[in-house]
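S.K.: The structure's right below; bear with me while I get my questions together.
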Amino acid sequence: MATIAQLTDPDLLALERRMQLAVHGATSLAAAAQTYVQTVYAALSDSLVLLRVFATVPFGRLPAVNQAFVRQLAATVPSGDAARLGDETLVLSLLGSAGSEPDWCDPSRSRGHIGIPLLSVEFIDAIPMIARLLKQLGVELDWLGREDTAVVGKTFGFQSGVFHVAAAATAVDARGRKIISAQDFVSRYAIETVFGLGGGYVGTPVFVTIIGFCRDHLDAGRVEALRPHIDRFKAETVGLVADGRVF
Amino acid sequence: MQIEELDQRLERLTAALAHLLAGEFDAIPITPSVVDDLLGSVEQTVQHLVMDIKTVTLANRDKEAVLLLQQQQLEQQVRELAARAETIEQQAAAIRQLSTPVLEVWREVLVLPIIGAVDTARGEALMTDLLDSIARMPTKWVIIDLTGVEFVDTHTADHLLKVVRAAALLGVRCMLSGIQPAVAQTLANIGAELGELATERNLAEALRHCLRQLHNL
């Protein structure tokens with residue numbers, strides 16, 4: 001088994017195809033996401049500590065258990081942001097998870113990341129990794145609060161992008177905050193690089209994001225080489241999203 | 001391998017390629033297990049081809065859809081800008097009209113009060129409005145009141161003189177009133193030819209002058 005940094009171009013292509021073959025025929029976006037992370041994690045577990053897939057889903061279309069989690073999370077936020085939570089609020093929802101701990105291999109067992117409501121620019125800005133992730137993936141935040149769920153698809157859904165934090169232990173944002181705020185997790189699992197790949201389903205509010213936490217160093221070019229994963233994942237799931245089969 | 005099985009596999013391959021050419025990706029069965037023989041490697045290659053082309057095609061469709069969305073957004077912005085420009089033009093026209101009113105203050109006496117600078121566009125509007133008024137109303141005198149003009153330059157002076165000459169061609173005499181000291185100084189400095197014009201200190205004096213002339217007092 002090779003690390004991500006060691007993969008040759010044919011290795012990368014073979015992995016993409018294997019992943020696409022595995023995802024093909026999934027019955028929901030969540031099922032596809034879980035298959036994706038399991039397939040890729042199995043191939044790259046020397047590098048990956050944790051691999052996750054998130055997607056923006058309107059609050060009203062979340063399963064009850066996810067809604068309860070998000071409602072509870074929103075209630076902990078100071079200011080009036082919690083009042084904004086409504087059926088149309090987009091929630092960055094965890095759809096797939098695989099990693100080196102058993103608890104990380106089932107999205108429903110996540111303790112803190114089942115869903116992050118995109119309530120306001122201020123709310124997102126308080127989570128440095130998510131703020132940077134969305135920004136680098138090309139998702140501007142100025143639409144937040146407009147309560148227009150289609151805005152992601154209409155305005156930003158076409159953009160696919162790459163998120164890259166080369167040195168997870170030390171990288172800080174413009175305000176001097178650690179981008180990966182869970183530094184205990186970073187040091188405990190020797191996380192070196194965090195990367196993200198994102199892309200939207202045009203004309204829908206769904207924006208899918210793959211986030212990987214690696215124990216080896218990846219430069220920007222190597223992360224860029226993983227970008228086709230998004231196109232292949234979307235190619236196999238565009239029909240599911242169009243049919244509203246998210247969970 | 002039996003001929004019958006070979007036929008079936010070749011038929012599946014042919015069908016897959018036909019669907020691929022037609023862009024009917026959902027109709028192409030993608031199966032993870034591939035038979036380990038020579039035809040199997042062809043089947044696997046076709047399968048890879050299907051996935052690769054499907055991915056690229058759908059990504060291109062996304063880009064086209066995005067371009068269409070962007071085009072629609074741009075068209076909407078152009079429409080909004082055009083509507084805004086039209087509103088601005090209407091407002092500008094209204095302001096131009098308000099900024100060059102021609103008032104009939106006495107029978108056969110018009111007043112053209114000027115406030116602010118007179119550029120080329122405003123000078124032309126001013127002349128047009130005044131000549132229109134002269135054509136519509138019996139007029140012998142026009143008082144150009146400069147009380148609201150704090151500054152003149154060569155262009156402004158030229159525009160004023162053109163107005164005066166145009167009015168004269170229609171048999172109307174003009175006079176200036178309300179010339180501020182700074183304006184008088186500038187007019188003198190730039191050598192504006194005002195000899196043909198009567199001037200008065202203010203509008204009331206100018207009106208009195210006109211009435212005297214009209215009634216030969």
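S.K.: Of the residues A:Ile127, A:Ile116, only one is modelled with pLDDT under 90, crowded, with 19+ Cβ neighbours inside 10 Å and either of a type in the set (A, V, I, L, M) or farther than 25 Å from A:Ile179 by Cβ (or both); which?
M.R.: A:Ile116
S.K.: Could you list, ordered by first residue, the pairs with Cβ atoms under 6 Å in which the first is in segment B:1-30 and closer than 24 Å to A:Gln20 by Cβ and within 13 Å of chain A (Cβ to nearest Cβ) and the second is among the hydrophobic types (A, V, I, L, M, F, W, C) and surrounded by 11 or more Cβ atoms within 10 Å (Cβ to Cβ), at least 6 apart or interchain?
M.R.: As it stands, the answer is B:Ile28/B:Ala16; B:Ile28/B:Val50, since those pairs meet every condition given.
S.K.: If the Cβ limit is 8 Å and pairs must be 6+ apart or interchain, which residue in segment A:200-218 that is surrounded by fewer than 22 Cβ atoms within 10 Å (Cβ to Cβ) pairs with which residue that is hydroxyl-bearing (Ser, Thr, Tyr) and in a strand (DSSP E or B)?
M.R.: Listed pairs, sorted by first residue: A:Asp216/A:Thr193; A:His217/A:Thr193.
S.K.: Looking at (1) at pLDDT 95 or above; (2) more than 18 Å from the chain's Cα centre (by Cα), which is the one condition that is false for A:Val37?
M.R.: Only one criterion is unmet by A:Val37, namely (2).
Conditions tested, residue by residue: (1) modelled with pLDDT under 90; (2) closer than 26 Å to B:Ala182 by Cα.
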position	(1), (2)
B:Val111	no, yes
B:Ile114	yes, yes
B:Thr120	yes, yes
B:Gly123	yes, yes
B:Leu126	yes, yes
B:Asp132	no, no
B:Pro138	no, no
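S.K.: Out of all the residues in segment A:223-232, is one or more more than 14 Å from every other protein chain (Cβ to nearest Cβ), of a type outside the set (Lys, Arg) and surrounded by fewer than 21 Cβ atoms within 10 Å (Cβ to Cβ)?
M.R.: Yes, segment A:223-232 has at least one match.
S.K.: Does segment A:18-33 hold any residues that are buried (at least 18 other Cβ atoms within 10 Å of the Cβ) and part of a helix (DSSP H, G or I), and which are they?
M.R.: Across segment A:18-33, the qualifying residues are A:Met19, A:Gln20, A:Leu21, A:Ala22, A:Val23, A:Leu29, A:Ala30, A:Ala31, A:Ala32, A:Ala33.
S.K.: Residue by residue through segment A:12-30, note down the ones that are under 12 Å from A:Leu226 (Cβ atoms) and either more than 14 Å from chain B (Cβ to nearest Cβ) or in contact with a His (Cβ under 8 Å, 6 or more places away or on another chain) (or both).
M.R.: Selection gives A:Glu16, A:Met19.
S.K.: Quick one: in segment B:31-52, of everything that is loosely packed, with under 13 Cβ neighbours inside 10 Å and within 10 Å of chain A (Cβ to nearest Cβ), which residue is modelled with the lowest pLDDT?
M.R.: Per the criteria, the residue is B:Pro32.
S.K.: Also: Would you tally the residues in segment B:53-91 being under 30 Å from B:Ala15 (Cα atoms), more than 8 Å from chain A (Cβ to nearest Cβ) and acidic (Asp, Glu)?
M.R.: 1
S.K.: Show me the helices (runs of 4 or more DSSP H) entirely contained within segment B:103-208 in which 2 or more residues are within 22 Å of B:Ala92 (Cα to Cα) and touching a residue at least 24 places away in the same chain (Cβ under 8 Å).
M.R.: B:120-136, B:154-169
S.K.: Of the conditions (1) part of a strand (DSSP E or B); (2) within 14 Å of chain B (Cβ to nearest Cβ); (3) among the charged types (D, E, K, R), A:Arg52 satisfies every one except a single condition; which number is it?
M.R.: Against the list (1) part of a strand (DSSP E or B); (2) within 14 Å of chain B (Cβ to nearest Cβ); (3) among the charged types (D, E, K, R), A:Arg52 comes up short only on (2).
S.K.: Determine whether segment B:153-167 contains at least one residue that is of a type in the set (D, E, K, R), within 24 Å of B:Glu104 (Cα to Cα), over 30 Å from the mean Cα position of the chain (by Cα) and buried (at least 16 other Cβ atoms within 10 Å of the Cβ).
M.R.: Looking through segment B:153-167, none of the residues is of a type in the set (D, E, K, R), within 24 Å of B:Glu104 (Cα to Cα), over 30 Å from the mean Cα position of the chain (by Cα) and buried (at least 16 other Cβ atoms within 10 Å of the Cβ).
The values are calculated or read from the model by the stated rules, or taken from the named source; none is laboratory data. Note that the coordinates shown come from a computational prediction; the quantities given were computed from them, not determined experimentally. Every residue, glycine as well, gets a Cβ built from its backbone with ideal geometry; the counts of neighbours run over all protein chains shown.
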